[in-house]
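This report concerns only the one structure given below.
The values are calculated or read from the model by the stated rules, or taken from the named source; none is laboratory data. Quick caveat, the model's predicted, so the values are computed rather than measured. Using ideal geometry, Cβ is built from the backbone for each residue, glycine included, and neighbour counts are taken over all protein chains shown. Areas reflect the complete protein model, heavy atoms only, side chains present, ligands, DNA and RNA absent. Shrake-Rupley method; radii C 1.70, N 1.55, O 1.52, S 1.80 Å.
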Amino acid sequence: MKHIQNNPKKNVRAMLSAFHAEHSDRIQLDLTHKIIFQKVTNQVALISGGGSGHEPADFGYVGAGMLTASVSGDLFTPPYPEAIVEAIKQTDCGAGALLIVKNFASDVEMFTKAKELAEAIGHNVELVTISDDHSIEDKLTYKKRKRGVAGTVLAQKILGAAAKNGASLAELVLLAETINNNLYTLGVALESAYVPGSDEPSFTLTESEVYFGVGIHGEKGYRKEAFKSSEQLAIELVNKLKRMNHWQPNNSYAVLVNGLGSTPLMEQYIFTNDVRRLFQLEQLTIPFLKVGNHLTSYNMHGVSLTLLKLVDSNWANALKSTTDASHW
């Protein structure tokens, strides 16, 4: 498959250089460590990141009222601890730093090591993991995969609003844990991603198949079946999420429909309309709805559906609050 690139080993730095050139009036770039950041003077620094290939995550969410810094690794590979430590050093103004980490073993390992290194030189650092993927891994035990996927973006926005309003590091940790406990995502792919450096897809589907429960690095899903319609995809995902949420009429949810990389906006909105209709039948309210490519899987054709149960009425206001992050 063809890719618009030069040297694959230089893709990430080329991408970050151009992104910085576009937004240089409000962000800074440490190209050596692949960090996009803003300087803050009176709040906890919020730092996230991971492997590249999920754009606009995470650098597209650096801005006042959202992330303070993002650290990019190579394609589908987390950044090294030393780069994360540099992000902490660049952005910790004395109020401490919160690392927001998607729940993948390698990401957690790298960010945990960075936390230890930063604490050793005097920084106050906490780490929270987001584990919103609720696809079923084991049909016998019904064990959840608990990967960190698109729901991370909603968590980053609410935490960013709280940090901007003066929340302490301890308060942000508690808030992150509460958000994560009410955050649910399921995805479906119509076609696999094809990434630079590999001529093979991350999984195979026939022309007529879809794959439910796939991961953002091409991890296997929980079921393949023949594709029928957008409505069929929405029914599958909403029904699965209903069984996990045990919702009641008039419950409120923030809803994020996320394109996985190559899904046209028309298709995303068609799917969103089907989700809205199902929510109306369930007598649920949606005070906050967002549609678009927010945390992708390079060029995968598919969508994910994220629900955040609004157990705190302030969360909807936080999601609607002002930020200058470029891709919110």
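A few notes on this one:
- Count - residues of segment 67-94 that are in a loop (DSSP other than H, G, I, E, B) and surrounded by fewer than 20 Cβ atoms within 10 Å (Cβ to Cβ): 4
- Taking (1) free of Cβ contacts under 8 Å to residues at least 24 places away in the same chain; (2) closer than 25 Å to His134 by Cα; (3) not acidic (Asp, Glu) in turn, Gly49 satisfies each apart from (1).
- In summary, Lys290 fulfils each of the numbered conditions (1) modelled with pLDDT under 95; (2) touching a strand residue (DSSP E or B) at 6+ places or on another chain (Cβ under 7 Å); (3) of a type in the set (D, E, K, R); (4) closer than 28 Å to Phe59 by Cβ with the single exception of condition (1).
- Filtered by the rule that a residue be crowded, with 22+ Cβ neighbours inside 10 Å and aliphatic (A, V, I, L, M), segment 38-66 gives Val44, Ala45, Leu46, Ile47, Ala57, Val62, Met66.
- Applying the condition of being surrounded by fewer than 23 Cβ atoms within 10 Å (Cβ to Cβ) and under 27 Å from Gln38 (Cβ atoms) to segment 288-304 and asking which residue is farthest from the chain's Cα centre (by Cα) yields Phe288.
- Condition broken by Tyr142, with the remaining ones in (1) of a type outside the set (S, T, N, Q); (2) surrounded by fewer than 24 Cβ atoms within 10 Å (Cβ to Cβ); (3) at pLDDT 95 or above satisfied: (3)
- When each of Thr152, Thr206 is tested for being of a type in the set (S, T, N, Q) and over 21 Å from the mean Cα position of the chain (by Cα), the lone residue that passes is Thr206.
- Listed here are the strands (runs of 3 or more DSSP E) enclosed by segment 98-208 that have at least 2 residues being more than 30 Å from Trp247 (Cα to Cα): 125-130.
- Residue check for Asn239: more than 20 Å from the chain's Cα centre (by Cα) and either open to solvent by 30 Å² or more (accessible area, probe 1.4 Å) or not acidic (Asp, Glu) (or both): yes
- Among strands (runs of 3 or more DSSP E) entirely within segment 226-316, having at least 2 residues that are farther than 21 Å from Arg145 by Cβ and touching a Lys or Arg at 6+ places or on another chain (Cβ under 9 Å) singles out 252-259, 285-292.
- Of all the numbered requirements in (1) loosely packed, with under 14 Cβ neighbours inside 10 Å; (2) acidic (Asp, Glu); (3) farther than 30 Å from Asp312 by Cβ, Glu219 misses one, and that requirement is (1).
- Residue count for segment 30-66 satisfying the condition of being assigned to a strand (DSSP E or B) and of a type outside the set (D, E, K, R): 12.
- Odd one out for Val195, checked against (1) closer than 26 Å to Glu282 by Cα; (2) in contact with a Ser or Thr (Cβ under 8 Å, 6 or more places away or on another chain); (3) modelled with pLDDT under 95: (1)
- Residue within segment 221-236 that is within 30 Å of Leu46 (Cα to Cα) and among the acidic types (Asp, Glu) present: no
- Close pairs (6 angstrom Cβ cut-off, 6 or more residues apart or separate chains): more than 23 Å from Thr272 (Cβ to Cβ) in segment 207-232, in a loop (DSSP other than H, G, I, E, B) and polar (S, T, N, Q) anywhere: Gly218/Ser202
- Hey, Gly197 touching a residue at least 24 places away in the same chain (Cβ under 8 Å), small (Gly, Ala, Ser) and exposed (fewer than 14 other Cβ atoms within 10 Å of the Cβ) or not: yes
- Residue in segment 305-322 that is open to solvent by less than 10 Å² (accessible area, probe 1.4 Å) and polar (S, T, N, Q) present: yes
- Residue match in segment 25-33 (condition: β-branched (Val, Ile, Thr) and buried (at least 20 other Cβ atoms within 10 Å of the Cβ)): yes
- Filtering segment 249-278 to residues that are surrounded by fewer than 15 Cβ atoms within 10 Å (Cβ to Cβ) and at positive phi leaves only Asn250.
- Complete set of residues in segment 70-97 that are in contact with an Asp or Glu (Cβ under 9 Å, 6 or more places away or on another chain) and under 15 Å from Val44 (Cβ atoms): Ala87, Gln90, Gly96, Ala97
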